[in-house]
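Undergrad: This is the structure I have questions about; it appears just below.
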Amino acid sequence: MSIPGEVITTHTEDSVVEDATAPRELQAGRSPLRIAAHRIRKDTVAMVCLSIVMLFVLIAIFAGTLADLFNVNLTVGRPAEQLDFLGDGMPLNGPPNYGFDPEHPFGVAPKTANDNLAYWLYGCRTSLVIASTATLFATLIGVVTGLVAGFAGGVVDKVISFVIDLFLTLPFLLMALIIAPIITSRFASDPDYPTIQKFGLVAVLVFFGWMGVARLVRGETMSLREREFIQASRVIGMPTGRILFKELLPNLVAPIVVAVSLMLPGFIAAEAGLAFLGIGVTQGASWGQTILQASPYFEKYPLYLWEPLLGIVILVVALNLLGDAIRDAVDPKTRR
Amino acid sequence: MTDSIIQPRAHQMSEEGAYLAVENLTIEFPTPDGPLTAVNDLSYTVGMGQTLGIVGESGSGKSVSSMAVLGLHDTKRTKITGSIRIGDKEVVGLSESGMRKLRGNAVSMIFQDALAALHPFYRVGGQLAEAYQVHHSNASKRDARRKAIEMLDRVGIPQPDRRVDDFPHQFSGGMRQRAMIAMGLINDPSLLIADEPTTALDVTVQAQILDLLQDLQREFNSAVIIITHDLGVVAEMADDVLVMYAGRAVEYGTTKQILSHPEMPYTWGLLSSIPDVQSDTSARLIPIPGNPPSLLNPPSGCSFHPRCAHVDKVPGSLCSTTLPRLTPASIGTAHVKRCHLADPDAIYQREVLPEIAPDLVEEN
Amino acid sequence: MFAYIIKRLLTGVVVVVLVSMAVFALLWYGPESPARPICVQETSNRCTDERLANFEESMGYNNPIYVEYGKYAKGIFVGREMALGGNTIQCDAPCFGFSFRSRALVWDELIERLPATISLAIGGATLYLLLGIPIGIAAARRRGTLGDKLLVSSFLVISSIPYYLFALVAWLYCTLVWDLPVLGDSGYTPLLDNPAKWFAGLLLPWLCLGIFNCTAYTRYTRGAMVESLSEDYIRTAKAKGLPARTVVYKHGLRSALVPVVTIFGIDLGILLAGTIFTERIFEIQGIGLWGLRAVGSFDLPVISATAMFGAIVIIVSNIIVDVVYGVLDPRVRVS
Amino acid sequence: MASPEDTARVGRHTDQSGKSPEAPNATVAAQFQDSATEDPHDVEASYASFGELAKQGHTAAVLDPTAEPVIAVEDLKMYFPVRSSGLVRRTIGQVQAVDGISFEVPRGGSLGLVGESGCGKSTTGRLITRLYNPTGGSMTFGGQDIAKLSQRQMKPLRRDIQMIFQDPYTSLNPRHTVGAIVGAPLAVHDIVPKKQILGRVQELLEVVGLNPEHYNRYPNEFSGGQRQRIGIARALTLNPKLLVADEPVSALDVSIQAQVINLLQDIQREFGVAYLFIAHDLAVVRHFCPEVAVMYLGKIVEIGDRESIYSHAHHPYTQALLSAVPDVKQAVIGGRRERIMLEGDVPSPINPPSGCRFRTRCPLAQDICARHEPPLLQIGPRHKAACHFAGEIGRHPVTPVTPRLLGTDDHGNADPGATPSTELTTQAGYSDTWFDLDKKTFGRA
């Protein structure tokens, strides 16, 4: 299920991709994180996934340039000229009824005649921008609340834990569905509506996505707080701030990296899912929106659906596998 | 291995009626970094009514070898050669079902951490009854329960008819270990293997458990193997001692021989690196330098040579090139050691003992 | 244990009240005027400012929010009378208002749609448990073999796919492309009306939920089994001379089930609270689809009712998980 | 292998590593791999022969009776609240982890604190390093009562009181280099300029027998014994006057234990550090500490110099404890000592027995033991015991020795004619006069 808040907490089972049983590594002067990075570099699956993710990131960054390169854009198509309204309403050139159309490499959409490639490229950008922004903020909020709750303990911890539980009780999809239109409906007439829609969506994802990290960081902090090295730094007379940021936080980097790497695909799936349900980014390019529009034409024009669908699936699967590989690599339990 | 010519028989008495005879046992695990020989050419015997103490550091192979006696290693992933005879039965290569008939019945085992070794979700009595029923298929549930209560009573658990329905976490540490022992003895085994039975316990509780084990052994007349890193436990419990280092037996003999005339520098190291609660205060604490070796890449020759302080007394580089054989010790008949030193007992009496137990020197 | 359950229930009530308040406030302050949707609906898109004001008046939107929330809360417990365009509707307890879209009472609609969602969730959950747990156990027992590795990595890939895409493609192929006889007619028919149709209509969604989630449950179960089989007490069980079956199923599985049951309880709550994707894709008239449609048309009473329903289901399932946990693990029960 | 922690740790990585599929094998393999990470060629002790090695080993530490106390602890108490698990979490009781203990640690000397798990010895260590705030009592260090100082006021004193922890695997931050760990105290207290920290760190590593070039390695590259040395180096960084060593060797292999004990003795000789040495191993404590305090359920039941405690114990608990320790060399001479078996388990510290806390398991207990807590009475020049029937093993008096001091009769009933003695104090040190057990009066022997 694509509930970001749950992504981390439900992964309780052990390393699934068995450690690539690398020969004993030379560990001279290398930090645990560097050892983890080394393991990832040795992990073929992880490296393939990383390359795929990097490719998508590049596509997202250079969406405009790439669109120019193929000479396609987001402007509304010319349905009257490009579509066969006398026949089945499918494009007159290119797929599904005709061969490859160099002017529109991914074909054009039925009904609107919009260029699929342009929408795909910008859809990729939308996905990654929304998901990464949401991940960034959700992580920040989660880390801060978790750290405070875990280290302070007592009443502060009780209050924060209650809030976390409260948020986890809310059915994510339903609440997102409720909140997203409320946030955006006020700005329906605003000229910048698509941008506002995106920000609204990010807000919703963050709103329901921070608890996982918060809970994880809280738990880790609580167990680390009892470790003797934290007590040792107290005995030294280290101030609390320094203990938090110099002693505790470095030990949280690994779980946070893992949480982030699993949150990102969750948000990408959630963004597209909401768009598919007709909420979220309905104006502008979004893979989920395209999927919603394409499913009725699937019988006659499967390519129209498969393009965004494969975009999401490949990106999300690659990110998930990468996240899993990262978890295996940094998990102190698999480390010698 | 040519060592097999010498069959160590520590105890004269047990030569005839050895209940457990381990011969040339070698255990190898495949690991990602290559095969790992955890136990190498190990031989020992234990007779009925006798107690053998196996001593060594972490990774010396002491637990691995005794787990092989019960066939607890995964047969697919472990290469076991040599012979283990229980009674008249050869255990190496025995089928799983044949092995199962022995386990918990003729041979049983007590583990170190009783809290982890007892199933947290089942009642203590149920776990005992299960152990009884599996080897007494015609016993009713009631019989098994009665037997469980009887055994709990036998190991000194107060109100056994009530505590039988407790879960392990409701027991104190000492009581859990007693319950473990009750489970081990419920089928009246001829051989009991106790793997670090008191390591996790406080010293007064340890004394209770050791006494209990001794009383029960006397009562059941079983053969006992006690695995420990604590020479004190061995000194109190065992008739024979087997000292292991890096998977090999390095010294084997009667407890008295080993503790009063040890002939292997590693045993000296063990003796000199622990203080005694009553010893002379001018005794020195002399550690064994360095760290236990890696079994993936064991030292050449004698595996103890990198940490041995007496290498200089052996001519040439014998220690680092040639594995010493298990040879009879200079003093005592039922005593073998694995060392190149020409006259180890003299060195011990002259050099080591004055440092670690000056009071004992004067007596000699 | 009893005191603990009471404590959890009380906290749960507080949470539900907070959720209902939050949703109420959101809808109250959210859109331009909360009365507009009903006005548009009732006047067939001829909602003038004057009519809107009328509706606001009769709906009580001119009163302070706490007064109206009080009325709303009172309605849930004792029922209330509600004004609708000059008529008065008697709304018995538990009264969650009436749907702006269908004018039916929210509670009645909820009860009507509940069986579909429950059928969907229970059927799907049964399937993925029946598939996932045995496969997980088998994989754990063959841990490290080629088959295990292949299974685990292919299941990892499947469970990485967003569920709704998995379901969508399954539906598209089974219904539109291949037009399979039984699988193709998804939709909900009440069980008592026609059991065969009920079954046929839910078969594909069940399979989708079952197959997709079984990949995750296989991984959970395998992980829990691997951990449990490496515990000391398994070695003890073997050393007692127990047969391998007893060791694996009585000693190993018992403790491995605890984490799996925990995850299952939480998942079932989420599943019941939000089968939106499944219901949307397979056109099943359950709670999720109802809520989705209500969001589309700003049907405020339905939206709050579904949100509260979701919250209650998740809270109750969490409490049940804790109780079951206590039953399974005696260490929790006693403390 | 020795400690449960160690085993647990080994167990943990096997759970998840998934490297070896069968449970027992996995544990075994992980164990070997664990020890294999240690560099076999990194033998710290440099020696040429056994004679030289032996010279590096130390004999038992010797008491300096003239040494002033570096810390004097009086009537120290630590109660942890116990909360109910009901709806409202009320405080329903207190764990009396430490309940009024007094002792001194001599400057440059060592006091051993022994007792079984849960007796409050570790809590005492944490009180002295002020990881906990004491419930009551005083701790006089350098003329200041550090029991009442705030954490801020405590900071300058932290240089002087440092701690060595039990578990070498959790006491070092895995994300910091050895240099950062050992240098942290210098950085926190701004003692030396940043540039000089490295030099000091290398110096310290050399002191504890590690290669100073290894300052930029991480803890995971060291073995348990080496890690413990790093922890010791960190504790030494600020030149402390008092080191609280909380079970510093119990997590280590036997042969490594001796290395660390010798190192601690070297340090004491070289830097004049005083130790509060907390351990459950009576033999190690005997070797390391010229003075020993025995704790039972939050109280000191007997305290004194080595000779008094180990050869002339007067408290039945101390006697039972000592008799339970297995003795290697006894076996050589022949046979085993007679054991004093203790019945039952240690009672809960939430609701300890009335009067003497040991009475529920004590073979000598009589009425008075339930009615009155025995005072910790000085019974020799450097020997105190808290028992109504204090006496050497097998020679305990038939009637209690304390009634006149407490103002009661032999059964602990109030005696109207008697007045409680004013000589009973909770003072930390020893006085020149003490209670003569035979004459039952105070005076010099």
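The values are calculated or read from the model by the stated rules, or taken from the named source; none is laboratory data. Because the structure is predicted, anything quoted here is derived from the model rather than measured. Cβ: placed from backbone, ideal geometry, glycine included. Neighbour counts: every protein chain shown. Calculation scope for accessible area: heavy atoms of the full protein, side chains included, ligands and nucleic acids excluded. Shrake-Rupley method; radii C 1.70, N 1.55, O 1.52, S 1.80 Å.
Undergrad: Considering only the range D:222-233, I want to know if a residue exists there that is part of a loop (DSSP other than H, G, I, E, B) and closer than 18 Å to D:ILE197 by Cα.
TA: No, the range D:222-233 contains no residue that is part of a loop (DSSP other than H, G, I, E, B) and closer than 18 Å to D:ILE197 by Cα.
Undergrad: Something else: Going residue by residue through the range B:240-252, is there one that turns out to be outside any loop (DSSP other than H, G, I, E, B), facing chain D (nearest Cβ under 7 Å) and open to solvent by 20 Å² or more (accessible area, probe 1.4 Å)? Spell out the reasoning first.
TA: Narrowing the range B:240-252 to residues outside any loop (DSSP other than H, G, I, E, B): B:240-245, B:248-252.
From what's left, facing chain D (nearest Cβ under 7 Å): none.
No, the range B:240-252 contains no residue that is outside any loop (DSSP other than H, G, I, E, B), facing chain D (nearest Cβ under 7 Å) and open to solvent by 20 Å² or more (accessible area, probe 1.4 Å).
Undergrad: Here is a further query. Return the only residue of C:ILE303, C:ILE284 being part of a loop (DSSP other than H, G, I, E, B), in contact with a Gly (Cβ under 7 Å, 6 or more places away or on another chain) and either closer than 29 Å to C:TYR61 by Cβ or touching a residue at least 60 places away in the same chain (Cβ under 8 Å) (or both).
TA: After applying the criteria, what remains is C:ILE284.
Undergrad: Next question. So is B:ILE347 among the hydrophobic types (A, V, I, L, M, F, W, C), in contact (Cβ under 8 Å) with a residue 60 or more places away in the chain and open to solvent by less than 20 Å² (accessible area, probe 1.4 Å) or not?
TA: No: the conditions fail for B:ILE347.
Undergrad: Another question, then. Quick one: count up the residues across the range D:148-173 that are part of a loop (DSSP other than H, G, I, E, B) and either open to solvent by 40 Å² or more (accessible area, probe 1.4 Å) or in contact with a Cys (Cβ under 8 Å, 6 or more places away or on another chain) (or both).
TA: Qualifying residue count for the region: 5.
Undergrad: For C:LEU229, which of the numbered conditions (1) of a type in the set (A, V, I, L, M); (2) facing chain A (nearest Cβ under 9 Å); (3) crowded, with 18+ Cβ neighbours inside 10 Å fails to hold?
TA: With (1) of a type in the set (A, V, I, L, M); (2) facing chain A (nearest Cβ under 9 Å); (3) crowded, with 18+ Cβ neighbours inside 10 Å applied to C:LEU229, the lone miss is (2).
Undergrad: Could you check the range B:205-229 and list, in sequence order, the residues that are free of Cβ contacts under 8 Å to residues at least 12 places away in the same chain and either open to solvent by less than 10 Å² (accessible area, probe 1.4 Å) or aliphatic (A, V, I, L, M) (or both)?
TA: Of everything in the range B:205-229, just one residue is free of Cβ contacts under 8 Å to residues at least 12 places away in the same chain and either open to solvent by less than 10 Å² (accessible area, probe 1.4 Å) or aliphatic (A, V, I, L, M) (or both), namely B:ALA207.
Undergrad: To continue, here is another question. Counting only residues that are in contact with a Ser or Thr (Cβ under 9 Å, 6 or more places away or on another chain) and within 14 Å of chain A (Cβ to nearest Cβ), how many does the range D:128-150 have?
TA: Qualifying residue count, the range D:128-150: 2.
Undergrad: Taking the condition under 36 Å from the mean Cα position of the chain (by Cα), within 9 Å of another protein chain (Cβ to nearest Cβ) and modelled with pLDDT of 90 or more, does C:ARG235 pass? Talk me through it step by step, then tell me what you get.
TA: Working: under 36 Å from the mean Cα position of the chain (by Cα): no; within 9 Å of another protein chain (Cβ to nearest Cβ): yes; modelled with pLDDT of 90 or more: yes.
The answer is no for C:ARG235.
Undergrad: What is the residue count in the range C:149-168 for residues that are open to solvent by 10 Å² or more (accessible area, probe 1.4 Å) and more than 7 Å from chain A (Cβ to nearest Cβ)?
TA: Total satisfying the criteria: 7.
Undergrad: Can you tell me how many residues within the range D:389-425 are open to solvent by less than 70 Å² (accessible area, probe 1.4 Å) and in contact (Cβ under 8 Å) with a residue 40 or more places away in the chain?
TA: Qualifying residue count for the region: 11.
Undergrad: Can you tell me which residues in the range B:88-118 are among the hydroxyl-bearing types (Ser, Thr, Tyr) and more than 9 Å from every other protein chain (Cβ to nearest Cβ)?
TA: Quick first cut of the range B:88-118, residues among the hydroxyl-bearing types (Ser, Thr, Tyr) only: B:95, B:97, B:108.
Within the range B:88-118, just B:SER95 meets the criteria.
Undergrad: Every residue in the range B:142-185 that is open to solvent by 60 Å² or more (accessible area, probe 1.4 Å), in a helix (DSSP H, G or I) and either within 14 Å of chain C (Cβ to nearest Cβ) or of a type in the set (Ser, Thr, Tyr) (or both), please.
TA: Within the range B:142-185, just B:GLN170 meets the criteria.
Undergrad: Is there a residue in the range B:116-125 that is modelled with pLDDT of 90 or more and hydroxyl-bearing (Ser, Thr, Tyr)?
TA: Scanning the range B:116-125, I find at least one residue that is modelled with pLDDT of 90 or more and hydroxyl-bearing (Ser, Thr, Tyr), so the answer is yes.
Undergrad: Exactly one condition in (1) away from chain A (no Cβ under 12 Å); (2) under 27 Å from A:LEU277 (Cα atoms); (3) open to solvent by 10 Å² or more (accessible area, probe 1.4 Å); (4) outside any helix (DSSP H, G or I) is false for C:TRP198; which is it?
TA: (4)
Residue by residue, here is whether (1) without any contact (Cβ under 8 Å) to a residue 40 or more places away in the chain; (2) farther than 25 Å from A:ALA318 by Cβ; (3) not aliphatic (A, V, I, L, M) holds:
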| site | (1), (2), (3) |
| --- | --- |
| C:LEU131 | no, yes, no |
| C:THR145 | yes, yes, yes |
| C:PHE166 | no, no, yes |
| C:LEU180 | yes, yes, no |
| C:ASP193 | yes, yes, yes |
| C:LEU204 | no, yes, no |
| C:LEU207 | no, yes, no |
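Undergrad: More than 10 Å from every other protein chain (Cβ to nearest Cβ) and open to solvent by less than 30 Å² (accessible area, probe 1.4 Å): which single residue out of B:PRO315, B:PRO289, B:PRO324, B:PRO293 fits that description?
TA: Sole residue among the options that is more than 10 Å from every other protein chain (Cβ to nearest Cβ) and open to solvent by less than 30 Å² (accessible area, probe 1.4 Å): B:PRO324.
Undergrad: Is it the case that the range A:282-298 has a residue that's within 27 Å of A:ARG215 (Cβ to Cβ) and β-branched (Val, Ile, Thr)? Give the derivation first.
TA: Here is the first cut: in the range A:282-298, the ones within 27 Å of A:ARG215 (Cβ to Cβ) are none.
For the range A:282-298, residues within 27 Å of A:ARG215 (Cβ to Cβ) and β-branched (Val, Ile, Thr): absent.
Undergrad: Could you pull out the residue among D:ILE340, D:ILE350, D:ILE368 that is in contact with a His (Cβ under 9 Å, 6 or more places away or on another chain), aliphatic (A, V, I, L, M) and not assigned by TED's automatic domain parsing to the domain that holds D:HIS280?
TA: On inspection, the qualifying residue turns out to be D:ILE368.
Undergrad: Follow-up. Run C:LEU131 past the list (1) open to solvent by less than 50 Å² (accessible area, probe 1.4 Å); (2) modelled with pLDDT of 90 or more and report the number of the one that doesn't hold.
TA: (1)
Undergrad: Could you list, in sequence order, all residues of the range D:406-445 that are among the hydrophobic types (A, V, I, L, M, F, W, C), closer than 24 Å to D:GLN319 by Cα and modelled with pLDDT of 80 or more?
TA: If the condition is that a residue be among the hydrophobic types (A, V, I, L, M, F, W, C), closer than 24 Å to D:GLN319 by Cα and modelled with pLDDT of 80 or more, then D:ALA428, D:TRP434, D:PHE435, D:LEU437 are the ones that fit.
Undergrad: If I filter the range B:31-46 for residues that are touching a helix residue (DSSP H, G or I) at 6+ places or on another chain (Cβ under 7 Å), within 14 Å of chain D (Cβ to nearest Cβ) and modelled with pLDDT under 90, do I get at least one hit?
TA: Among the residues of the range B:31-46, at least one is touching a helix residue (DSSP H, G or I) at 6+ places or on another chain (Cβ under 7 Å), within 14 Å of chain D (Cβ to nearest Cβ) and modelled with pLDDT under 90, which makes the answer yes.
Undergrad: Return a yes/no flag: does the range B:84-103 have any residue that is within 22 Å of B:THR199 (Cα to Cα), free of Cβ contacts under 8 Å to residues at least 24 places away in the same chain and either open to solvent by 10 Å² or more (accessible area, probe 1.4 Å) or outside the structural domain of B:PRO292 (by TED's automatic domain parsing) (or both).
TA: No: zero hits.
Undergrad: In the range A:94-108, which residues are among the small types (Gly, Ala, Ser) and modelled with pLDDT of 75 or more?
TA: Step one: list which residues in the range A:94-108 are among the small types (Gly, Ala, Ser), which gives A:94, A:99, A:107.
Once the filter is applied, which keeps residues that are among the small types (Gly, Ala, Ser) and modelled with pLDDT of 75 or more, the range A:94-108 yields only A:GLY107.
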